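Step one of this worksheet: look at the structure below.
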């Protein structure tokens, strides 16, 4: 599995993460495995599909997002966007992370997952919430974060 994961990712750490995510999905969905079928093929299919989904997710979500408000434009970024050698970027990232941590866990977790690239439906399934609840919590978390950053 390690070799196949590395051939997909071309990065040791990404390959290890992919394997870990695959095993999580295997254990989560072990009830869906049909006895008598090729278990190895089933696991490798999950590995491949997980890689494809992660690739699509990273491709579809830009590294930075803007919130257009009437006052200013607030920049909400994923952690990979910031230049670690630029002091201003480091300061802004730290400030955003601190303010995000001050949010109520109920609204903070969906927003963090959304910023990491998860789709509303994925967040809904993982947190066992209705999709409308996920959308409203993300909306309120962003509004509260904007208010805190003023």
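The values are calculated or read from the model by the stated rules, or taken from the named source; none is laboratory data. The structure displayed is predicted, hence computed values, not measured ones. Cβ coordinates were reconstructed from backbone atoms using ideal geometry, including for glycine residues, and neighbour counts include every protein chain displayed.
Residues 92, 71: which one is touching a strand residue (DSSP E or B) at 6+ places or on another chain (Cβ under 9 Å), at pLDDT below 90 and outside any strand (DSSP E or B)?
One residue alone meets the criteria, 92.
Does residue 41 meet the test of being more than 18 Å from residue 122 (Cβ to Cβ), surrounded by 15 or more Cβ atoms within 10 Å (Cβ to Cβ) and either in the same structural domain as residue 128 (by TED's automatic domain parsing) or modelled with pLDDT of 85 or more (or both)?
In short, no.
Could you check the range 95-150 and list, in sequence order, the residues that are closer than 25 Å to residue 25 by Cα, over 14 Å from the mean Cα position of the chain (by Cα) and in a loop (DSSP other than H, G, I, E, B)?
Once the filter is applied, which keeps residues that are closer than 25 Å to residue 25 by Cα, over 14 Å from the mean Cα position of the chain (by Cα) and in a loop (DSSP other than H, G, I, E, B), the range 95-150 yields 128, 129, 130.
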